[in-house]
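Trainee: Handing you this structure, nothing more for now.
Here, each number is a calculation from the coordinates, and none is a lab measurement. Bear in mind that the values here come from a model prediction, so they are computed numbers and not experimental data. Cβ: placed from backbone, ideal geometry, glycine included. Neighbour counts: every protein chain shown.
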């Protein structure tokens, strides 16, 4: 299955225009993980057919070693203690390799460069030794020299947004080679949220699981697609960098989103929320906090150990309390905890009002079963029976549950 570059024509043209502009020394592509900045850089590299192109891949593990990403450019006779001379010799090596052709240096994940490597990239830009195309993950701290590329050195910063739904649909059908059922397209666009990497893994995982099948002339869903192991691994990588408190904050949101800032303030600290937001895992929408991507919730809920999930749900239920009876009741039910009969009845009314009569019936039955006081049971039973359909409600005592 070949996945063509789709929906990035404008950005590719911007890179080409920048490279042809004598006043522009480079571009910096900034995007969330998986949106497609590395793929765009590859396409820009291929488009620079007239140039000598060097590709450098920065990694987190190599960041502890000065110039590890540029090891192929470091001359053997260069003294390691002479950093200025080292940077000059590396820049000279780039020019020598290019010969009479223009030099293009592509640095993927430049935010992971060690300080010396970052200084070399800035030096190449300032001396016009090479046109630099750097990719940087949004929300990640980058070395000062990399930030200086667009702040001080004249490189153009290009922010990549997630693909629009129509571009995602076009991408899927181009990759699969046939039209795709509307329900399948809607599932991918809803879950993938324009993230090209997630879209690709969703489709590949669904095909491997037999949940996306090829009928004569088109593709269709065959059951509910599971979350693939590769997607779980991708999202898991985002979570590994979090500290214990930050991860707990993300897990709470995954189980209870959306959550108000006031509710979260009783469950976790502001620094933990800020760190999780900076990592691109949480997003503030109005006065409520949710996960930045729906896939994060699926993966986190799948990976949570049962006892930890139960503990977090009970903490959430205590924080929400009577202010949000339906959500509190759901959390307690999912945790296997007992419900107070009044909470069950109040939540049952809310469930019916929200158009979920099955849950309303379940909660009404819990309310009936949980009381020993016959007089009180009668007061609870009448609207509860109205919810379950066992008897019509008394109009004089009807409430929101009966009318739902």
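Trainee: So if R0 is 22 Å, what FRET efficiency would residue 215 and residue 190 give, r being the distance between their Cβ atoms, rounded to the nearest 0.05?
Mentor: Given R0 = 22 Å and the Cβ-Cβ separation, E is 0.50.
Trainee: Quick one: among 301, 285, 315, which has the greatest mean-square fluctuation in a GNM of the chain with alpha-carbon springs under 10 angstrom?
Mentor: 285
Trainee: How far is helix 325-335 tilted off the main Cα axis of the chain, in degrees rounded to 10, range 0 to 90?
Mentor: Approximately 80 degrees, to the nearest ten.
Trainee: Given 0.36 nm per residue, what is the gain on full extension from residue 310 to residue 322 after removing their alpha carbon distance, in nm?
Mentor: 2.4 nm
Trainee: Then there is this: Can you tell me the 0 to 90 degree angle between the C-alpha axis of helix 9-20 and the longest principal axis of the chain, rounded to 10?
Mentor: Value to nearest ten degrees: 20.
Trainee: Measure nothing fancy, just the Cα-based angle from helix 83-98's long axis to the longest principal axis of the chain, in degrees from 0 to 90, nearest 10.
Mentor: 80 degrees
Trainee: For the stretch 27-64, list residues with backbone N below 19 Å from a point placed 7 Å from the Cα of residue 101 toward its Cβ?
Mentor: 41-57
Trainee: Let me ask another. So I have [x] 71; [y] 65; [z] 50, and one of them is percent of Cα pairs over 26 Å apart calculated from this model. Which one is it?
Mentor: Checking each listed value against the structure points to [y].
Trainee: Between 341, 216, 66, find the one with the highest GNM mean-square fluctuation for the chain; connect C-alpha pairs within less than 10 Å.
Mentor: Answer for the Gaussian network model of the chain: 216.
Trainee: While we're on this one: Would you give the gap between the C-alpha center of the stretch 93-132 and the C-alpha center of the stretch 333-363, rounded to a whole Å?
Mentor: Result: 62 Å between the Cα centres.
Trainee: Also, quick follow-up: Grab the Cα-Cα distance for residue 144 and residue 164, subtract it from 0.36 nm times how many residues apart they are, and report the gain in nm with one decimal.
Mentor: Going from the current span to full extension adds 4.0 nm.
Trainee: Right, another one. Given the -39500 (n - 2.57) contribution per DSSP H run of 4+ residues, what per-residue ellipticity at 222 nm results for the chain, rounded to the nearest 500 deg cm²/dmol?
Mentor: -16000 deg cm²/dmol
Trainee: Same structure again: Determine the relative contact order of the chain: mean sequence separation of Cα pairs under 8 Å and six or more apart, normalised by residue count, in whole percent.
Mentor: Relative CO of the chain lands at 12 percent.
Trainee: Ok, one more. When ranked by the protection proxy of mean other Cβ atoms within 10 Å per residue, highest first, what sequence do the peptides 104-117, 230-243 form?
Mentor: Result, highest mean first: 104-117, 230-243.
Trainee: Now for a different question. Relative contact order for the stretch 237-304: what is it in percent, counting Cα pairs under 8 Å that are at least 6 residues apart?
Mentor: Relative contact order comes out at 38 percent.
Trainee: Using a Gaussian network model on the chain with a 10 Å cutoff between Cα atoms, which of 31, 142, 370 fluctuates the most?
Mentor: 370
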